[in-house]
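What follows draws every value from the coordinates through simple rules; no lab data is involved. On a predicted model such as this, the values are computed, not experimentally measured, just so you know. Neighbour counts are summed over all protein chains in view; Cβ atoms, including those assigned to glycine, are modelled from backbone coordinates with ideal geometry.
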Amino acid sequence: MDNSQLAGEIASQVISDTKFWIAIIGLVGAVIGSLLTMFGNILLHWIKEKPQSDLEKSRINMLVTMLDDDRFPQKWRSLSTLSAVIGANDEETKRLLFKAGARGSEKADGKWGLVKNHPFPSIE
């Protein structure tokens, strides 16, 4: 084998190895780029939703405090009062009441109380 043929084979091998590593680096770059994009979107969504989540938690805490107040021996409160205090409409207040562990009165009088204070009667 002469020098020019040997040089040609070495050059072909170097080019082949270079193409392989370029492909691997490109693949790794695409994977890292995709992961960073997904992480960025998740972080952006969390930052965007955090104020709303904090407001919801604050409203739920206020509802629980109102419904567990010892100054009201029966511990029932009207939906209109609860809505006015937390600054939400009736539908939003009902949604938050369920998250807080509350239920409506069986009398359908618009009153709400915590399930722990007003458990459902057992059926036997």
#### Entry: Segments classed as helices (runs of 4 or more DSSP H), wholly inside segment 1-100, with at least 2 members that are loosely packed, with under 10 Cβ neighbours inside 10 Å and touching a residue at least 24 places away in the same chain (Cβ under 8 Å)
none
### Query
For segment 104-124, what are the residues that are surrounded by 18 or more Cβ atoms within 10 Å (Cβ to Cβ) and assigned to a strand (DSSP E or B)?
LYS111, TRP112, GLY113, LEU114
